[in-house]
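The values are calculated or read from the model by the stated rules, or taken from the named source; none is laboratory data. These numbers were taken from a predicted model, which means no experiment stands behind them. Reconstructed Cβ throughout: ideal geometry from the backbone, glycine too, with neighbour counts over all protein chains shown. The accessibility values were calculated without ligands, DNA or RNA, using every heavy atom of the protein model including side chains. Shrake-Rupley method; radii C 1.70, N 1.55, O 1.52, S 1.80 Å.
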Amino acid sequence: MRTAYRVETVRAAEAALMARLPEGALMMRAAAGLAAACCSLLGKGRVYGSRVVLLVGSGDNGGDALYTGARLARRGAGVTAVLLGTRAHGAGLAALRAAGGRVAEDPFEPLATADLVLDGITGIGGRGGLRPEAVPVARAARGSDAVVVAVDLPSGVDADTGEVAGEALRADVTVTFGTYKPGLLVDPAREYAGALRLVDIGLGDELPGVPDLEALQHLDVARLLPVPGAASDKYRRGVLGVVAGSARYPGAAVLTVAAALRGGAGAVRYVGPAADAVIARHPETLVHAGPPDRAGRVQAWVVGPGLGDGPGVAEVLASDVPVLVDADGLRDLDPALVRARSGPTLLTPHAGEAAALLGASREEVEAGRLAAVRELVGRFGATVLLKGSTTLVHGPEGGPVRVNPTGTGWLATAGSGDVLSGLAGSLLAAGLRPVDAASCAAYLHGLAARRASEERGPVTAGEVAEALGGAWRDVRA
């Protein structure tokens, strides 16, 4: 499990650790790890004679950069510091000079020939984007041929929220200390972080057991996925009801059912006008003319994909089993109706649908994804899977927000959300908690798309559904 903590928590953990260590020891640990990462990026045998530029702001982040520069200078790199803050870390600057590093008079001159740039301008305490005086230098660094390495966090992004409220310096690599920060895992800030490297500085015992964010890995998903036993039957494995599709969008029903069948459901009951299309593609499906409450026994429902203005949402929400609401089912959804349910509810909006539910703009949701998913959970009392470049999952029971680490830009294709709904619905029917069903579904969905795109390039939603079995096998291998 990859975990992330808010700045306040990280600061408290650092303070507790520093109280037991010699003065400056924690910064030395960070600088040692950062220097090792820089050496590996420069390449074996290429540190000596390389040109390294430090962008140094005020405070400890700049100190980390300066001490790291001193280590690189002692290994033969030519290190130049560009001082951008109102004051530089005194001991760090002295260490750099003692190691043979220098301070630039012209901030742009060393960037023209740099091999590596260390971004130590603001770090995790920064808010609101880069200050105006740092912007031209940051742009010059990004426009150079150098590898840009962020110290703990790219300057200009918000460590806690992932928001980018102004100009920020996009890194090729971010070397972060002690633990991940939420902004490193959540867009739009995640896009500025590049590849992530974590340096252990000994914070583990000081951090609380429950993080603010967590990202599942293969082993976590494998432990959660249901596996039928010798005594299983279709009801023990879970029967999923699907209310989806319309005369205009029959494919939504086909895709939802396809993913549900490949997601481990013992059986799928389909209710809706696309029964002929569903049976033609998936003859094992149990179809019914409706209404949903007469379709037969189910352990969970999916309602909404391609439904248009068709009926079914209110009837499904009146049931006492878990319900996943997606797409057209989210339109004008009443929070009171969801809160009044006796069974759990999982909502799966994309940014546009989330914006409509919140009375906000799509841009506001995309800029503040963490705030949006938390507000949706609070408003509806349901588990929410907020789809997008960073898919987030959060539940009304609290705990960490889950961020999905898999996926590819090729998932931005018609019908991919229907596949996700069918897969998550099948896991709900199998008995997984909504937050686990949503998290595992997002993980497998992204992994399947990645597999399919590596084999074919651009992929369709149907091809993503077909690749789910391979993704499942990968996770459990």
Item checked: the chain: calculated mean residue ellipticity at 222 nm from DSSP helix runs of at least 4, using -39500 (n - 2.57) -> -11500 deg cm²/dmol
Margin query: Could you give me D for the chain, from Stokes-Einstein at 10 °C and 1.306 mPa s, where the hydrodynamic radius is the Kirkwood radius over C-alpha pairs? Units µm² s⁻¹, please.
Written below: 66 µm²/s
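With all distinct Cα pairs included, what does the Kirkwood hydrodynamic radius of the range 36-166 come out to in Å, to one decimal, could you say? Please list the in-between numbers first.
Details: mean 1/r = 0.0695 Å⁻¹.
Over the range 36-166, the inverse of the mean reciprocal pair distance is 14.4 Å.
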Margin query: Tell me the angle of helix 434-456 to the major Cα principal axis of the chain, expressed in degrees between 0 and 90 and rounded to the nearest ten.
Written below: 80 degrees
Item checked: For Y180, residues with placed amide H under 5 Å, excluding near neighbours -> T3, Y5
Checklist line | Mean Cα-pair separation over length for the range 35-98, i.e. relative contact order, pairs under 8 Å, 6 or more apart, % | finding: 39 percent
Note to self: Suppose a student asked you for the relative contact order of the chain, using Cα pairs under 8 Å spaced at least 6 residues apart; what percent would you report?
What the structure shows: 12 percent
Next item on the list: Measure nothing fancy, just the Cα-based angle from helix 7-18's long axis to the longest principal axis of the chain, in degrees from 0 to 90, nearest 10.
Entry: 50 degrees
Next item on the list: Enumerate the calculated ³J(HN,Hα) couplings along the range 376-392 in order (Karplus 6.51 cos²θ - 1.76 cosθ + 1.60, θ = phi - 60°), each rounded to whole Hz, writing x wherever the residue is Gly or Pro.
Entry: 4, 4, x, 6, 9, x, 10, 6, 10, 10, 8, 6, x, 4, 10, 7, 10
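In Å, what Kirkwood hydrodynamic radius results for the range 112-224 from the alpha-carbon pair distances? Numbers along the way, then the final one.
Numbers: mean 1/r = 0.0676 Å⁻¹.
Final number for the Kirkwood radius of the range 112-224 is 14.8 Å.
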Next item on the list: Give the peptides 252-261, 441-450 in descending order of average Cβ contacts within 10 Å, highest first.
Entry: 252-261, 441-450
Checklist line | Estimated vicinal HN-Hα couplings, Hz - the range 316-328 in sequence order (Karplus 6.51, -1.76, 1.60; Gly, Pro = x) | finding: 5, 5, 6, 6, 10, 9, x, 10, 9, 10, 9, 6, 4
Next item on the list: For the chain, find the longest principal axis of its Cα atoms and tell me its angle to the long axis of helix 60-74, 0 to 90°, nearest 10.
Entry: 60 degrees
Check: Once amide H atoms are placed 1.01 Å from N in the peptide plane, what residues at a sequence separation of 5 or more from A81, or on another chain, have their amide H within under 5 Å of its amide H?
Finding: L54, R102, V103, A104
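In the range 314-362, which trypsin sites (Lys or Arg not before Pro) fall in coil by DSSP and have 16 or fewer other Cβ atoms within 10 Å? Write out the running numbers ahead of the final one.
Details: sites: R331, R339, R341, R362; in loops: R331, R341.
Sites meeting the loop and neighbour criteria: R331.
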Item checked: Segment R379-L198, extension gain: residue separation times 0.36 nm, minus the distance between their alpha carbons -> 61.6 nm
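Once fully extended, how much extra length lies between R74 and V135, figured as 0.36 nm per residue of separation less the alpha-carbon to alpha-carbon distance?
Net length gain for the segment: 19.0 nm.
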Next item on the list: Using only alpha carbon pairs under 8 Å that are at least six residues apart, calculate the relative contact order of the range 214-309 and give it in whole percent.
Entry: 35 percent
Checklist line | Computed log₁₀ I(q)/I(0) - Debye formula, equal Cα scatterers, no solvent, the range 156-271, q 0.18, 0.19, 0.21, 0.24 Å⁻¹ | finding: -0.91, -0.95, -1.07, -1.31
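Using the Kirkwood formula over every pair of different C-alpha atoms, what hydrodynamic radius in Å results for the range 322-422?
On the way: mean 1/r = 0.0731 Å⁻¹.
For the range 322-422, the Kirkwood estimate is 13.7 Å.
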Checklist line | Solvent-accessible area of T413 with every protein chain in place, 1.4 Å probe, in Å² to the nearest 10 | finding: 40 Å²
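Counting other C-beta atoms within 10 Å, and keeping those with at most 14, which DSSP coil trypsin sites (Lys or Arg not before Pro) do you find in the range 202-290?
Numbers: sites: R223, K234, R236, R237, R248, R262, R269, R281; in loops: R248.
Hits after loop and neighbour filter: R248.
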Margin query: For a quick check: with amide H placed at 1.01 Å from N, whose amide H comes under 5 Å from S50's, ignoring anything fewer than 5 positions away on the same chain?
Written below: G78
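Provide the packing ranking of 135-148, 364-377, 294-307, i.e. peptides ordered by the mean count of other C-beta atoms within 10 Å per residue, highest first. Mind dumping the intermediate values first?
On the way: 135-148: 17.7, 364-377: 20.9, 294-307: 24.5.
With the highest mean Cβ count within 10 Å placed first, the list reads 294-307, 364-377, 135-148.
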